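Below is one structure, written out as structure tokens, with a few remarks after it.
The values are calculated or read from the model by the stated rules, or taken from the named source; none is laboratory data. Everything numeric in this text was worked out from a predicted model, so none of it was measured. Here Cβ is always computed from backbone atoms with ideal geometry, including for glycine, and neighbour counts include all displayed protein chains. For the accessible areas, the whole protein counts, side chains as well, though only heavy atoms, and no ligand, DNA or RNA atoms are used. Shrake-Rupley method; radii C 1.70, N 1.55, O 1.52, S 1.80 Å.
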Amino acid sequence: MIRVAMLSFWHVHAKDYARLAVEHPGTDIVAVWDEVPERGRQKAEEYGIKFYEDLHELLAKPDIDAVIVDTPTNRHRDVIIAAAEAGKHIFTEKVIATTTKECKEILAAVETAGVKLTVSLPRLYMGFTQAAQSFIQEGLLGTITTVRIRLAHNGALRTEKHPNGSLPSHFFNLEECGGGALMDLGCHPMYLTRLFLGLPDSVSASFGYITEREVEDSAVATLRYPNGALGIVEAGFVNSYSQFDMEVQGTKGSLIYTRTDDKLLIRSTKLEGEQAKGWQEVTDLPSLPSAFEQWVSHITYGTTASENIQIALDLTRLMEASTLSARSGAVCRLSDLAE
């Protein structure tokens with residue numbers, strides 16, 4: 001049994017990871033620390049486990065094997081490095097850090113300590129993603145020309161039920177989060193675009209502030225590639241209805257997925273027979289373990305989440321470049337990022 005401590009319930013998904021740890025037969029939650037002691041004590045009481053006010057006291061406990069890190073993003077570097085140096089395996093919410101420099105410092109500490117790190121990048125392991133990546137690799141779409149992915153919801157919109165929006169108020173704190181819609185929701189379309197196209201040469205981003213918060217509540221980032229391909233990442237906190245739309249365009253075909261009907265469609269000139277006559281629904285989708293399940297497996301069998309970690313590092317690069325571009329109004333080349 002892997003004994004897990006929850007390090008903060010700051011993030012909205014912390015409760016989901018706690019549930020996964022409770023439900024997984026190989027893990028058990030045994031302790032809580034939180035940078036907000038009152039919240040930590042409340043959660044410890046809820047789960048019937050011990051609360052530690054001092055992070056280093058918790059990390060020094062030999063009967064704790066691993067931690068789930070859901071602190072404010074600006075605390076990730078110090079908390080994750082401390083956990084790694086204490087010999088604890090780490091599962092964490094994206095992004096690892098808001099700068100490439102801090103992300104590399106974290107990864108260096110993890111490698112030196114020999115602990116197992118996995119980052120929550122859930123849409124990497126969904127069936128529609130894996131099927132799309134297979135079609136791209138098989139060449140069914142030809143040369144990829146454009147990837148456009150959008151993820152949005154209404155978390156910043158003020159309503160009668162939620163006068164300040166349905167997201168926690170700290171999600172609009174620039175210092176804690178490092179950004180808004182793009183840094184939070186935009187992570188998902190960003191790492192999917194990275195999966196399909198690789199790393200671009202440069203990024204150009206624009207942020208919108210519809211609700212006049214400290215952080216952007218709508219965003220668009222354009223990724224430019226040496227062969228002329230484009231990646232378009234869109235995110236928003238100001239959409240009445242939740243949206244997730246993905247399209248991949250190539251010289252030989254196109255691929256579309258929308259959460260609205262939960263269907264993956266492909267059309268390709270390289271298909272034959274009946275399949276060549278129009279859009280085809282892909283019904284045989286791969287099934288992969290979740291990021292959390294993979295983390296438990298890496299701890300159990302001594303393996304490393306190499307692809308997950310590389311994509312998480314690249315995600316930080318892309319988020320940093322997008323933020324710098326939006327702030328300056330200029331294109332940001334990835335080669336110019338401080339490492």
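Would you confirm, using the coordinates I've provided, whether Glu212 is open to solvent by less than 40 Å² (accessible area, probe 1.4 Å) and outside any helix (DSSP H, G or I)?
For Glu212, the condition - open to solvent by less than 40 Å² (accessible area, probe 1.4 Å) and outside any helix (DSSP H, G or I) - is not met.
Of a type in the set (Lys, Arg), open to solvent by 10 Å² or more (accessible area, probe 1.4 Å), without any contact (Cβ under 8 Å) to a residue 24 or more places away in the chain and more than 27 Å from Ser166 (Cβ to Cβ): which single residue out of Lys263, Lys270 fits that description?
On the way: Lys270 fails: without any contact (Cβ under 8 Å) to a residue 24 or more places away in the chain.
After ruling out the rest, the residue left standing is Lys263.
Name the single residue that is farthest from Gly278 (Cα to Cα) among those in the stretch 138-153 being among the hydrophobic types (A, V, I, L, M, F, W, C) and part of a strand (DSSP E or B).
Within the stretch 138-153, the subset among the hydrophobic types (A, V, I, L, M, F, W, C) is 140-141, 144, 147, 149, 151-152.
Going one step further and asking which of them are part of a strand (DSSP E or B), we end up with 144, 147, 149, 151-152.
Working: Ile144: 19, Val147: 21, Ile149: 23, Leu151: 27, Ala152: 29 Å.
Per the stated criteria, the residue is Ala152.
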Give Thr71, Thr112, Thr99 a once-over and let me know the one that is under 24 Å from Gln310 (Cα atoms), of a type in the set (Ser, Thr, Tyr), open to solvent by 20 Å² or more (accessible area, probe 1.4 Å) and touching a residue at least 60 places away in the same chain (Cβ under 8 Å). Thr99
Failed condition for Gly165, given (1) touching a Leu at 6+ places or on another chain (Cβ under 7 Å); (2) under 24 Å from Glu247 (Cβ atoms), with all others met? (2)
Selected residue (criterion: most open to solvent (accessible area, probe 1.4 Å)) from residues of the stretch 154-194 that are more than 17 Å from Asn239 (Cα to Cα), in contact with a Ser or Thr (Cβ under 7 Å, 6 or more places away or on another chain) and in a helix (DSSP H, G or I): Glu176
Can you tell me which residue within the stretch 1-16, out of those that are touching a helix residue (DSSP H, G or I) at 6+ places or on another chain (Cβ under 7 Å) and closer than 26 Å to Tyr301 by Cα, is most open to solvent (accessible area, probe 1.4 Å)? Ile2
Matching residues in the stretch 195-209 - criterion: being part of a strand (DSSP E or B), open to solvent by 20 Å² or more (accessible area, probe 1.4 Å) and of a type outside the set (Gly, Ala, Ser): Phe207
Does the stretch 43-50 contain any residue that is of a type in the set (A, V, I, L, M) and open to solvent by less than 10 Å² (accessible area, probe 1.4 Å)? yes
For the stretch 270-282, which residues satisfy the criterion of being touching a strand residue (DSSP E or B) at 6+ places or on another chain (Cβ under 6 Å) and part of a loop (DSSP other than H, G, I, E, B)? Trp279
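Which one of these is of a type outside the set (S, T, N, Q) and out of contact with any helix residue (DSSP H, G or I) (no Cβ under 7 Å at 6 or more places or on another chain): Val296, Val282?
On the way: Val282 fails: out of contact with any helix residue (DSSP H, G or I) (no Cβ under 7 Å at 6 or more places or on another chain).
Unique residue meeting the criteria: Val296.
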Please list, ordered by first then second residue, the pairs with beta carbon atoms under 9 Å, 6 or more apart or interchain, first in the stretch 34-48 and small (Gly, Ala, Ser), second at pLDDT 95 or above and open to solvent by 50 Å² or more (accessible area, probe 1.4 Å). Gly40/Glu53; Ala44/Lys50
Could you give every pair whose Cβ atoms fall below 9 Å, whose first residue belongs to the stretch 284-297 and is within 13 Å of His24 (Cα to Cα), and whose second residue is open to solvent by 80 Å² or more (accessible area, probe 1.4 Å) and in a helix (DSSP H, G or I), counting only separations of at least 6 or pairs across chains? none
